[in-house]
Amino acid sequence: MTMREASAFAPVNIALAKYWGKRDARLNLPTNGSISVTLDGLGSETRVKFDETLSEDVLILNGEEIRSSESLRKISIVLDELRSIASARASARACPARVPSARACPARVSSRNNFPTAAGLASSASGLAALTLAASRALDLDLSSTKLSEIARRGSGSACRSFFGGFVEWKRGELADGADSVATQLQPASHWDLRALIAVIDDAPKDASSTGGMTATQATSPYFRTWVESAQTSLGPIRNAIAARDFAALAAAAEENCLRMHACAMAASPPIVYWKPQTLAIQRLVREMRANGIDAFFTIDAGPNVVVISTAAHAAEIRARLAASGVTRLLEAKLGEGTRSS
Ligand code: PMV
């Protein structure tokens, strides 16, 4: 019997080498590779139910129906891809009765983030990854993590990295169809006991979405080409620092990558500035801590919040110093495993 309903959990991932630019906007193929860490425990729990009585896909996020066309577009891209695989398989199995329903059947997607919404963490990566696994299970498709990751990427680029635990690389790839632009695990979470401390500065919706911000940067920043070259060049040192567990080298390369991404966005026209005064104050504090022998570096996505990465041994000290500097909301996570059925 075909299952019509299934759930999955997908973790948040934080990029140490950022995805910022699309070489193909329709397929969500990046201009440059990226490397992330997968966080333990923080993520999205998503239930998908295919339901012939619906007239279109429905998205419920944290108990509220979402009508934003951007969010609905992202989930429907993923669902359409999976519905078309299901219908192709059904016709190959000479089961024509199921073909129209698999192709057209709308889904109700109910997703919950287990981190406070006020954390200001992007939920699109974990949400789209969980949706992809849950919908594939509901349609009885037994797809590899690599295939699932490729499908999730179509909805949100960074979602492709959430399928794997620990340290993950999403390759830029060269092929026009994106077959070689896939995410793979570089090292499991057990390789290196790092911590992510997320300093929440502002939970208001960000001024520009990631997609809007990266598209505008690409179109108008005179530094975009240099950013792409530099981002590609930073991958080797970041990969090597992770393999060697060389914290100082990872700190230098990841902060440089982050600041170059933001510098490139700030040079767009009109400028894209995600930072608030406290974003800068924490950067300074982190650099001071590092100069004083504490293992800490920062990274910042398309928003004002700062993620401080540290070794396990130094996490408590950093937490105390961030609190003393006025950070009132702080989330902490170890590195963990990738997306799983639930
Ligand atoms: O996957 P998107 O479209 O939400 O873009 C993610 C962009 C950054 O978070 C800034 C960088 C990254 O690699 O996650």
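Residues that are part of a helix (DSSP H, G or I), under 21 Å from Arg93 (Cβ atoms) and not hydroxyl-bearing (Ser, Thr, Tyr) within region 123-147 comprise Ala135, Arg137, Ala138, Lys147, listed in sequence order. Which one is farthest from Val12 (Cα to Cα) among residues in region 153-184 that are in contact with a Gly (Cβ under 6 Å, 6 or more places away or on another chain) and either of a type outside the set (A, V, I, L, M, F, W, C) or without any contact (Cβ under 8 Å) to a residue 24 or more places away in the chain (or both)? Residue satisfying both the conditions and the ranking: Asp180. Cβ-Cβ contacts under 9 Å between residues 6 or more apart (or on different chains), taken from a first residue in region 12-23 that is on the phi > 0 side of the Ramachandran plot to a second residue that is within 7 Å of the ligand (Cβ to nearest atom) and in a strand (DSSP E or B), are absent. Output yes when any residue across region 134-151 is under 17 Å from Phe50 (Cβ atoms), touching a Gly at 6+ places or on another chain (Cβ under 9 Å), buried (at least 20 other Cβ atoms within 10 Å of the Cβ) and at pLDDT 95 or above, and no when none is. Checked against the condition, which is being under 17 Å from Phe50 (Cβ atoms), touching a Gly at 6+ places or on another chain (Cβ under 9 Å), buried (at least 20 other Cβ atoms within 10 Å of the Cβ) and at pLDDT 95 or above, region 134-151 yields no hits at all. Is there a residue in region 276-296 that is without any contact (Cβ under 8 Å) to a residue 60 or more places away in the chain and within 30 Å of Arg23 (Cα to Cα)? No, there is no match, as no residue in region 276-296 is without any contact (Cβ under 8 Å) to a residue 60 or more places away in the chain and within 30 Å of Arg23 (Cα to Cα). When Met214 is tested against (1) among the hydrophobic types (A, V, I, L, M, F, W, C); (2) more than 19 Å from Leu29 (Cα to Cα); (3) in contact with a Lys or Arg (Cβ under 8 Å, 6 or more places away or on another chain), exactly one condition is not met: (2).
Here are some conditions: (1) modelled with pLDDT of 95 or more; (2) crowded, with 20+ Cβ neighbours inside 10 Å; (3) assigned to a helix (DSSP H, G or I). Asp80 meets all but one. Which one does it not meet? So Asp80 meets the others, but not (2). Scanning for something β-branched (Val, Ile, Thr), within 16 Å of the ligand (Cβ to nearest atom) and over 15 Å from Lys18 (Cα atoms), does region 207-216 turn up at least one residue? No, region 207-216 contains no residue that is β-branched (Val, Ile, Thr), within 16 Å of the ligand (Cβ to nearest atom) and over 15 Å from Lys18 (Cα atoms).
The combined condition, being within 16 Å of the ligand (Cβ to nearest atom), aliphatic (A, V, I, L, M) and either under 21 Å from Ala199 (Cα atoms) or part of a loop (DSSP other than H, G, I, E, B) (or both), is fulfilled by Val273. In the condition set (1) modelled with pLDDT under 95; (2) surrounded by fewer than 16 Cβ atoms within 10 Å (Cβ to Cβ), Arg225 is compliant with all but (1).
For region 1-26, the candidate set comprises residues that are away from the ligand (no atom under 13 Å from the Cβ), aliphatic (A, V, I, L, M) and not in a strand (DSSP E or B); within that set, the residue that is farthest from Ser210 (Cα to Cα) is Met1. Scanning region 27-58 for residues that are within 14 Å of Ser123 (Cβ to Cβ) and within 16 Å of the ligand (Cβ to nearest atom) gives Leu39, Leu42, Gly43, Ser44. Of all the residues in region 261-272, those that are without any contact (Cβ under 8 Å) to a residue 60 or more places away in the chain and in contact with a helix residue (DSSP H, G or I) (Cβ under 6 Å, 6 or more places away or on another chain) number 2. In the condition set (1) within 16 Å of the ligand (Cβ to nearest atom); (2) more than 22 Å from Ala333 (Cα to Cα), Glu288 is compliant with all but (1).
The values are calculated or read from the model by the stated rules, or taken from the named source; none is laboratory data. Here the structure is a predicted model, which means the values were calculated and not measured. Virtual Cβ from ideal backbone geometry, glycine too; neighbours counted across all protein chains shown.
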